[in-house]
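See below for the structure under consideration.
The values are calculated or read from the model by the stated rules, or taken from the named source; none is laboratory data. As the structure is a prediction and not an experimental result, all values here were calculated from the model. Neighbour counts are summed over all protein chains in view; Cβ atoms, including those assigned to glycine, are modelled from backbone coordinates with ideal geometry. Calculation scope for accessible area: heavy atoms of the full protein, side chains included, ligands and nucleic acids excluded. Shrake-Rupley method; radii C 1.70, N 1.55, O 1.52, S 1.80 Å.
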Amino acid sequence: MYQIYDLRVEDLINPIGLSECRPRFSWKIQGEGRKVYQKSYRLQLAADAGFTCLLYDSREKESSESVLVGYEGEALSSLTRYHVRVRSTAADGQQSDWCYGSFVTAILNPKGEWQAPFISAETEEDANDSSAKQLRGTFSLREEPAEAFLSATACGMYELFLNGRRVGEDLFTPGWTEYHHRLAYQTCEVTGLVHAGKNAAGAMVGAGWYKGCLVWKDNRAIYGKRTAFAMQLLVRYADGSQETFLTGPDWRWSTSPVLYSEIYHGERYDARLEQPFSEPFFDDGGWAPVYLLKTHPPLCPQDGLPICRQEVLRPVSIFITPKGERVVDFGQNLTGFVRLHIRGNAGEQVRYSHAEVLDREGNFYTANLRTAKEEITYTLRGGEEECYEPHFSFQGFRYIRLDAFPGEPETENFEAVSVHSDMRPTGSFSCSDDMLCQLMRNIRWGMRDNFLDVPTDCPQRDERLGWTGDAQVFIPTASYLYDTLPFFRKWLRDMAASQKEDGGIPHVVPDVLTTPEKSAYGACGWADAAVVCPWTVSLFQGDRRLLKECYPMMKRWVEYIRAHSRDGVLWDQGEHFGDWLALDAEEGSCRGATPNVLIATAYYAQSVTLLVKTARLLGDEEEAAQYEKLRAAIGSRYAEEFFTEDGALTVQTQTAHVLSLAFSLTPERWKEKTLENLEKLIHERGDHLSTGFLGTPELLGALSENGRTALSYTLLEQKSYPSWLYPLSKGATTIWEHWDSIRPDGSMWSTDMNSFNHYAYGAVGAWMFGTVAGIRPDPEMPGFRHALLCPQPGGSLSWVEGRLQTPYGLLKSRWEREGNAVFWEVSIPANSSATLILPWGAQIKSSDTGEDFCEGKLTVGSGCYRISWE
């Protein structure tokens, strides 16, 4: 019964377009009983599925490693299919069957191997043109291909067609990278889309992030003034010969049915203008020759995840508002677009706008979109039923308002299509409290809606930027909910590319805020993403290669702080956002009452702490010791600066106390006093929080890790404003930007900055997984090679179950309360282990572990265990 499954290449299943020339392989193990471990494995790479032409054979290698196992053969070739198989032998001698997979490499050396010129239908005079263009070229194959691989990219967004058929289902390609340094190209297998004789390729290219409106005040053309497209097609024949076909001066262009398309503002589409432009024998005599670009951004293989369609939602109702407007309600706030099914006469139009919420009178509310229009106009071609989705625009919405519609709309006319980066779900949390279950669903939706190639702050208004602060506070929760390794690997490379010469990290990545006139980098809690995010990804996924790749960026950021700190230890310089949106802010301010110098120095200490752990994990003890000394000096100065002689914090805010505790900056002799003061501050607000973006993620942990679990539960289960559950009483289906985005009286917080889909406060999800369910990674053995299982039952909950698909398999923790007794079940995947940690004061009633707990702890191997305690 010993088997392996889920063979992955760089955390991907049978990828096409792999960007690594020395990939790593992972597999999971299943076996009966407890303490199932791998003793050895054998990994083979071959050019054929029958493994008759071996390219690499590890032989039987004695090792327990099964996650991100390095390939030690010759460097791989570009645009080549490889077959891989692995077999595992257990410690007791059982041997698994072979587990098979395959992958196709991308163009691995774009500087030397990319040949295709970039072609454009535009000149620099078209910088303000938001229409999409169609480009077309033909080529001939001398015979049927044995295999064909296509690589393509664009300055802008593109959709690609071969012989009248769409290539792939990915959306908004090539995605959003730090274009000045990295423009990704996609690789697809197209063997079944091309044939002997004449073929045609066609691309439709829109403005996208590259040329379209970005940031506030309709700034546009940040990266370039014209869109462009490039493609190269490699065709191999049965005799081993090959041909390459490229974009070039023989291609032609024309206008398209997409008359206007902008990320913020929506799309206008005229179906009467559709043409079969990618058919081989289409007459393009009226089309114009393309322009060739002399330069283009540096190219790289796609190293993130594609954006794909995910869930499809039907309307729950169509109704008339008090203002007399017809509105469609999809029942869920989401990111994506509406798929329209319509029949009518040629020239008739459908027009609709998008909104997240209704106002307190029940009317359609769009003031929070600021300048973003989010409007769709579709002109029918007439005849049979038509189906339309926007091509180069996405919206954040729950509702649409029908501004024009031929006939009487029915629910069957509309579908809401949710889109996000194609991450694999890993974690689930359920419990006896329906509102907490809904909170976790809201957190999940908020994450998905904002993870579109970049972790954005919001999906609806004229912003949608990769704010580093939001990402760093939320990344532990994100890592519980989804396998985020490929997603963050790509974004962290964008971050490294955007790092400034002095080591500063931008407020947003990609950096579209820094200009020659104004710097927009170096804010505490935001730029610390350069350290927090690589560390967290490694902690959850065990990817030391990525951690090593990011280590220079991490060090340069810490040295930036040191250079901007008094005496190298007190960070009192620079512009910061502080505890953003904290409720103790002065009237009219978004910055909380906790001084920047305290928050900045606390984050400085935390970044250095994580840098020490990183250096140690990577085996650099010398640098670890150096930074350990720096951390000690920061801690000493922090205590001198922010604690009085009798141990009271000089700053009486919840966030000051939370950060001092969470980042281990409170001297041990003053810890109890700090906790008592924090309790007092919470009680003074009627057992409510007042924290903002930086204090909130650490609040519950600061309490529960220091013996105040009951108060943590009180805050978590609080239903009145301000709390995590208050928005649910107002119908929230995602996480809000503000604690009171909708106030108790139904009025709105503001029109300037009021997103109803903003995941930052969803950072509480990590505490729900890590403390309520009790599932945590072990920093000493990252990637859940060893887990810490330490639930702390409390509040009104009678049962909780947490599940997490770790790199080793399913890790589960479930507890139930009956009176004073707690019954706990855990399941630990094969080839991993865990330390079971009971709550303080727990008295064991029964245990089937076969071993005794020592001081409330017991380390066990894989398998299922049941323990009960009082």
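General observations
- Cα shape, the stretch 494-566, gyration tensor, a/c 1.5 rule: prolate
- Kirkwood Rh (inverse of mean 1/r, distinct Cα pairs), the stretch 338-485, angstrom: 17.6
- Rolling a 1.4 angstrom probe over the protein heavy atoms with all chains in place gives the stretch 630-758 an accessible area of 35 Å² per residue.
- Accessible-area composition of the chain, carbon plus sulfur, in percent [1.4 Å probe]: 46
- Charges were assigned to the Cβ only: +1 to each Lys and Arg, -1 to each Asp and Glu. The resulting dipole of the chain about its Cα centre is roughly 940 debye.
- Note that the stretch 632-702, at 37 °C in a medium of 0.692 mPa s, gets a Stokes-Einstein diffusion coefficient of 270 µm²/s from its Kirkwood radius over C-alpha pairs.
- Solvent-accessible surface of protein heavy atoms, probed at 1.4 angstrom with all chains present, puts W445, W869 in the order W445, W869, largest first.
- Projecting the Cα atoms of P722, G50, V454 onto the charge dipole of the chain, computed from C-beta unit charges around the Cα centre, puts G50 farthest toward the positive end.
- A Cβ-based charge dipole, computed about the Cα centre of the stretch 481-607 with Lys and Arg at +1 and Asp and Glu at -1, lands at about 680 debye.
- Selection from P297, A830, Q654 lying farthest towards where the dipole of the chain points positive, charges on Cβ: A830
- With the biggest extent put first, the Cα atoms of the stretch 323-390 measure 41, 26, 24 Å across the principal axes.
- P(r) weight above 24 Å for the stretch 247-380, C-alpha pairs, percent: 53
- Counting only protein heavy atoms and a 1.4 Å probe, the stretch 302-385 has 41 square angstrom of accessible area per residue.
- Exposure ranking of C308, C533, C854 by accessible area [1.4 Å probe, largest first]: C854, C308, C533
- Ranking S140, C155, F118 by Cα position along the charge dipole of the stretch 43-196, where only Lys, Arg, Asp and Glu carry charges on their C-beta atoms, puts S140 farthest toward the positive end.
- Rg/Rg_globular for the stretch 812-870, with Rg_globular taken as 2.2 N^0.38 Å and Rg from C-alpha atoms: 1.07
- Accessible area of Y291 (1.4 Å probe, protein heavy atoms only, ligands and nucleic acids ignored): about 100 Å².
- Normalised by residue count, the chain yields a Cα convex hull volume of 175 Å³ per residue.
- Helix-derived mean residue ellipticity, 222 nm - over the chain, DSSP H n ≥ 4, -39500 (n - 2.57), to 500: -6500 deg cm²/dmol
- For the stretch 477-607, the Stokes-Einstein estimate of translational diffusion at 10 °C and a viscosity of 1.306 mPa s comes to 102 µm²/s, using the Kirkwood hydrodynamic radius over alpha-carbon pairs.
- Estimated translational D of the stretch 415-454 in µm²/s (Stokes, Kirkwood radius over Cα pairs; 4 °C; 1.567 mPa s): 113
- Value of Rg/Rh across the stretch 553-657 [Cα atoms, Kirkwood radius]: 1.02
- Principal axis analysis of the Cα atoms in the stretch 697-756 yields extents of 40, 20, 17 Å, listed in decreasing size.
- Of the DSSP H helices in the chain, those with a Cα length along their own long axis of 15 Å or more and a mean Kyte-Doolittle hydropathy reaching 1.0 comprise 529-541.
- Placing unit charges on the Cβ atoms only, positive for Lys and Arg and negative for Asp and Glu, gives the stretch 358-513 a dipole magnitude near 640 debye about its Cα centre.
- Convex hull of Cα atoms in the stretch 400-488, direction-averaged projection (nm²): 8.3
- Accessible surface for the stretch 410-503, divided over its residues, is 20 Å² per residue with a 1.4 Å probe.
- Evaluated at q = 0.13, 0.19, 0.33 Å⁻¹, the base-10 log of the normalised Debye intensity for the stretch 92-134, with identical point scatterers placed on the Cα atoms, takes the values -0.65, -0.84, -1.19.
- Convex hull (Cα only) mean projected area of the stretch 208-255, reported in nm² to one decimal: 5.5
- Compactness of the stretch 153-211 was expressed as the Cα radius of gyration divided by 2.2 N^0.38 Å, which yields 1.24.
- Solvent exposure of K673, expressed as accessible area, is near 70 Å², computed with a probe of 1.4 Å over the protein chains only.
- Using all pairs of distinct alpha-carbon atoms, the Kirkwood hydrodynamic radius of the stretch 86-216 works out to 17.8 angstrom.
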